[in-house]
Every structure is written in C-alpha cells, then in structure tokens.
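Only one structure is covered here, and it is reproduced in the block below.
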Amino acid sequence: MKAIRWLGKNISAFLLSFILAIAVWISAVTATDPNQERIFIIPVETLGQEANTEITSELPENLELTLYAPSSNLEKISKQEDSLSAWIDLTGLGEGLHDVPIQYQIPADVRPVRVMDATPGQAEIAIEEIITATLTINHEIIGEPALGYQAETPLWSNTETTLSGRSSLIRQVAYIEAVLDISGATDTIEKTIVLVPRNSEGKFVQGFDLDPDRVTAVQPITLKGGYRNMVVKVVTIGQVADGYRQTHITVSPPNVMLFAADPALLDQLPGYIETETLDITDATDDIETVLALNLLEGISVIGDDHVLVMVGVAAIEGSVNITRDVEIIGLRPGLEAQVAPAQLDILIAGPIPDLENITPVDVRVVLDMTGLETGTYQLQPQVEILPDNIYLQSISPETVEVIIQEQPTPTATPNP
C-alpha cells in the first residue's frame with residue numbers, strides 16, 4: 001500500500017523523467033543519424049495489359065518519389081539496386097479512357113521512412129482494341145488506250161485484303177483502292193499496285209497493316225477491228241554528192257495507225273507503209289523534210305498523213321547503202337515466220353577501200369525469235385558487221401512486222 005501511495009504521489013515526476021529520457025535518446029540518435037529529405041526517380045512499369053489491346057496515350061516514364069528518413073536509411077535505399085519500384089496496373093481494363101493510379105513500393109526492411117510526395121500520382125491511359133477486318137478491293141481502271149487500241153477484261157491477283165490494327169483507325173476505312181492507269185497504252189500492261197485505304201471522304205488512312213498490301217494487275221491491250229499499227233519506210237532515190245556520205249535516216253513518227261472500213265484491205269499490206277520518194281541526189285548537208293505517206297484507196301491514217309524525215313549527210317569517211325535479207329534465228333520447230341519487209345536498207349560507213357571490198361557475208365541482218373510463240377510482233381533486227389573498221393549508220397525501217405504461225409500439216413498423197 002505504501003508503494004502504491006508513493007507511486008501515485010510521484011507518477012507525474014516519473015512520466016516527466018521518462019519523456020525527458022526519450023527526448024535525450026532521440027536527440028542523441030538524431031545528432032548521429034539526422035533525418036533528411038531526398039528525391040528518387042523510379043522507372044514506371046506497365047503491368048496487366050490485355051494481349052489484344054494497344055495503349056494510344058503517352059505513358060509516364062518515371063515516378064518522382066520524395067522520401068523523408070534518417071540519412072542511413074536513405075543511403076541504404078540508394079545502394080540497393082531496384083529497391084524502389086513503381087508500376088501501373090491495367091488488369092481488367094478494356095477499351096476506353098482510364099485514370100489509373102501509379103503504385104510504388106518501399107523495401108519493408110527500411111524503417112522509419114515517410115513519403116512526402118509522389119509525382120505524378122496517376123496517369124490518364126487511353127486503351128484501344130486491336131482488331132482485324134477483311135475488305136473487298138475496289139479495282140479501278142483510269143485513262144484510255146492509244147487510238148485504235150482497246151482494253152480487254154483485266155486480271156487482278158487479289159480481290160480482298162485483311163486489315164490489322166487499332167479499332168479507331170480501321171473503322172475509318174470505307175474502301176480499299178487499287179488504281180491502274182492505262183492512258184496511251186499500246187501493249188498489254190502488267191503492274192504491281194500499292195493498295196490505298198481511304199475513308200468515306202476519300203482521304204488516305206494509315207497506321208495499320210494490310211495483308212496483302214499490294215496487288216498485281218494484268219491489263220490486256222489489243223487492236224480494234226479495222227485498225228493496224230505499221231512501221232514507216234522512207235523511200236529514197238539517188239546518192240549524196242561525191243566526197244559526202246549519208247550518216248542516218250530517221251522518220252517521226254516511226255509507226256502510224258491505219259484504219260480501213262474493210263479490214264481485208266489492211267491484211268493485204270506487207271506490214272509497213274512507204275513514204276513518197278525522197279531524192280537525195282548530190283546532197284551535201286543534212287536533209288529535214290515532211291513527206292506524205294503512200295496510202296491505198298480505202299485506207300486512212302489516224303492523225304497526220306505526213307511524217308518528218310531527217311537524213312544525215314556528212315563528209316567522207318565513206319558510206320554505202322546496201323540491201324540485205326532478214327535472217328531468222330531461234331524460231332521454235334513447228335513454227336514458221338513471215339517478215340515484212342523481208343529486205344532492209346542498211347547504211348554502213350567506214351574507210352572507202354573497206355567499203356569497196358564488202359561481200360554479202362560481211363554484213364548480215366539477224367532477227368532473233370528465241371522464245372516467241374504464235375502471234376504478231378513488232379521487232380527490231382540486229383545488224384552484224386564482220387570488218388572491224390566498218391560500222392552501222394542506220395537501218396531502215398528500224399523495226400519489222402513478224403507474223404509467227406504453226407506450219408501447215410502436210411497432206412499425204414495417195415500412191416496410185
């Protein structure tokens with residue numbers, strides 16, 4: 001009882017002494033390990049994102065964490081690699097705009113420590129679903145072939161393409177465009193075309209993948225009935241003046257489009273059309289003139305019926321105009337070929353003595369038909385010249401028409 005009375009009388013003094021002792025201890029500890037405030041920069045990770053989604057907003061890269069603790073604890077945190085961590089948890093979040101808190105963790109063995117500030121505290125996250133969609137490709141042909149030609153039904157390698165990407169972008173696509181321009185075409189076109197996604201206003205949309213992202217188009221171009229494209233052959237007479245040579249002869253355009261109401265008239269032509277005769281007798285300078293085409297009755301030219309002819313004339317060295325048959329090589333067995341014209345005018349030049357000794361085997365005109373099948377072609381022959389000092393000046397016409405067809409099957413003659 002006396003002890004209890006003594007404690008009751010002295011409790012206030014006892015508590016004061018205890019508080020003073022605690023204060024002295026804290027003061028001593030603080031003096032040796034003072035509290036400090038320090039800022040830590042922590043990379044922010046993203047966790048829990050669904051596989052079929054994409055984050056379209058900008059994510060915070062770092063969290064700025066301000067801690068208040070004894071300096072020994074702060075040093076301990078600094079020395080422990082990855083002791084502090086920060087993350088954004090997207091688990092269960094679907095398409096849309098979300099305010100997500102940025103979470104962080106401090107090692108449990110570091111105490112005491114107080115968080116003074118964490119910036120940013122949250123992030124606004126925009127999430128979009130990744131989707132796929134299959135759309136039909138709009139194949140479009142623009143332009144017109146050259147006069148006298150027509151476009152047949154085109155062939156396209158693909159009719160559909162698959163889009164993969166963010167839903168907001170793919171839903172903007174109204175159609176997929178593939179455009180082939182055939183303006184001025186005179187031959188079959190084969191071209192690879194890049195696909196262009198467009199919205200309802202016709203504007204280009206991008207930011208996603210297409211499979212395939214391009215298609216191949218084959219557009220057959222053929223002649224219309226009653227039309228025929230032919231090379232122009234310049235007809236000349238005479239020779240340039242003594243001491244001069246003819247260097248070249250060119251015609252523009254080299255081909256013309258002919259029309260006849262009766263297609264049989266065109267079929268009778270030899271595959272070329274001649275000009276009126278050009279006299280080059282005693283020419284000492286280049287000749288540039290306009291010549292009319294020699295047209296049969298019932299046949300007309302689409303466009304101008306005159307052509308521009310240029311004949312080059314230069315002082316000797318020396319030149320000679322010779323005629324050579326067209327030699328065919330490389331034709332597949334079982335086929336035969338008709339060449340029009342069958343003979344070409346070859347203008348060769350070089351030292352005059354060498355020109356005077358030219359033999360028929362020294363200059364050949366060769367037409368290589370390797371790999372060609374039945375049909376009608378416009379081909380350019382090659383001139384082979386054996387003497388080293390002789391060179392080719394020009395060949396007229398520069399191209400020939402070749403008709404390749406199957407050889408007729410021989411009919412057996414009965415033995416009487």
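The values are calculated or read from the model by the stated rules, or taken from the named source; none is laboratory data. Computed from a prediction, not measured in an experiment: that's the story for all the values here. Backbone-built Cβ (ideal geometry, glycine too); neighbour counts: all protein chains shown. SASA here: full protein model, heavy atoms, side chains in, ligands and nucleic acids out. Shrake-Rupley method; radii C 1.70, N 1.55, O 1.52, S 1.80 Å.
Let me spell it out: the conditions are (1) more than 30 Å from G165 (Cα to Cα); (2) part of a strand (DSSP E or B); (3) of a type in the set (A, V, I, L, M), and A264 meets all of them except one. Which number is the exception?
Failed condition: (2).
Within the range 65-82, how many residues are open to solvent by 10 Å² or more (accessible area, probe 1.4 Å) and either touching a Lys or Arg at 6+ places or on another chain (Cβ under 6 Å) or β-branched (V, I, T) (or both)?
Residues that pass the stated criteria total 2.
In the range 366-412, which residues are among the hydrophobic types (A, V, I, L, M, F, W, C) and touching a helix residue (DSSP H, G or I) at 6+ places or on another chain (Cβ under 9 Å)?
Once the filter is applied, which keeps residues that are among the hydrophobic types (A, V, I, L, M, F, W, C) and touching a helix residue (DSSP H, G or I) at 6+ places or on another chain (Cβ under 9 Å), the range 366-412 yields only I390.
For residues that are open to solvent by less than 40 Å² (accessible area, probe 1.4 Å) and not β-branched (V, I, T), scanning just the range 365-378, find the one that is nearest to the chain's Cα centre (by Cα).
Selected residue: L372.
Would you say K224 is in contact (Cβ under 8 Å) with a residue 60 or more places away in the chain, in contact with a Phe, Trp or Tyr (Cβ under 7 Å, 6 or more places away or on another chain), open to solvent by less than 40 Å² (accessible area, probe 1.4 Å) and charged (D, E, K, R)?
Against the criterion (in contact (Cβ under 8 Å) with a residue 60 or more places away in the chain, in contact with a Phe, Trp or Tyr (Cβ under 7 Å, 6 or more places away or on another chain), open to solvent by less than 40 Å² (accessible area, probe 1.4 Å) and charged (D, E, K, R)), K224 does not qualify.
If I ask for residues that are farther than 14 Å from V232 by Cβ and not acidic (D, E), which ones from the range 395-410 would you list?
Of everything in the range 395-410, those that are farther than 14 Å from V232 by Cβ and not acidic (D, E) turn out to be V402, I403, I404, Q405, Q407, P408, T409, P410.
State all residues of the range 227-256 that are open to solvent by 50 Å² or more (accessible area, probe 1.4 Å), touching a residue at least 24 places away in the same chain (Cβ under 8 Å) and outside any strand (DSSP E or B); if no residue qualifies, say none.
Selection gives Q239, P253, P254.
What are the pairs with Cβ atoms under 6 angstrom where one residue, in the range 143-156, is touching a residue at least 40 places away in the same chain (Cβ under 8 Å) and farther than 16 Å from G226 by Cα and the other, located anywhere, is open to solvent by 50 Å² or more (accessible area, probe 1.4 Å) and assigned to a loop (DSSP other than H, G, I, E, B)? Sequence gap at least six, or different chains.
These pairs meet every condition: G143/S183.
Just a yes or no: is a residue in the range 354-364 open to solvent by less than 40 Å² (accessible area, probe 1.4 Å) and assigned to a strand (DSSP E or B)?
Looking through the range 354-364, at least one residue is open to solvent by less than 40 Å² (accessible area, probe 1.4 Å) and assigned to a strand (DSSP E or B).
Picking from A283, A260, A315, A264, which residue would you name as being free of Cβ contacts under 8 Å to residues at least 24 places away in the same chain and of a type outside the set (S, T, N, Q)?
One residue alone meets the criteria, A264.
Just to verify a result, which residue in the range 160-200, among those that are within 19 Å of the chain's Cα centre (by Cα), more than 18 Å from T136 (Cα to Cα) and acidic (D, E), is surrounded by the most Cβ atoms within 10 Å (Cβ to Cβ)?
The extreme case among them is D181.
Inside the range 48-81, can you point out the residues that are among the acidic types (D, E) and either in contact (Cβ under 8 Å) with a residue 12 or more places away in the chain or closer than 17 Å to L97 by Cα (or both)?
Matches in the range 48-81: E50, E54, E58, E61, E64.
Given (1) part of a loop (DSSP other than H, G, I, E, B); (2) modelled with pLDDT of 95 or more, where does G92 come up short, assuming only one miss?
Exception for G92: condition (2).
Quick check on my filter: what residues within the range 306-344 are charged (D, E, K, R), surrounded by 14 or more Cβ atoms within 10 Å (Cβ to Cβ) and not in a strand (DSSP E or B)?
If the condition is that a residue be charged (D, E, K, R), surrounded by 14 or more Cβ atoms within 10 Å (Cβ to Cβ) and not in a strand (DSSP E or B), then E317 is the only one that fits.
So, in the range 379-393, how many residues would count as being open to solvent by 40 Å² or more (accessible area, probe 1.4 Å) and under 22 Å from N255 (Cβ atoms)?
Result for the range 379-393: 4.
Results for (1) assigned to a strand (DSSP E or B); (2) of a type outside the set (S, T, Y); (3) in contact with a Gly (Cβ under 8 Å, 6 or more places away or on another chain), shown as yes or no for each residue.
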residue	(1), (2), (3)
F40	yes, yes, no
S72	no, no, no
S78	no, no, no
A86	yes, yes, no
R111	no, yes, no
M116	yes, yes, no
E128	yes, yes, no
I137	yes, yes, no
E140	yes, yes, no
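Taking the range 204-220, which residues are out of contact with any Gly (no Cβ under 7 Å at 6 or more places or on another chain), part of a loop (DSSP other than H, G, I, E, B) and more than 15 Å from N138 (Cα to Cα)?
Result: V205, Q206, P220.
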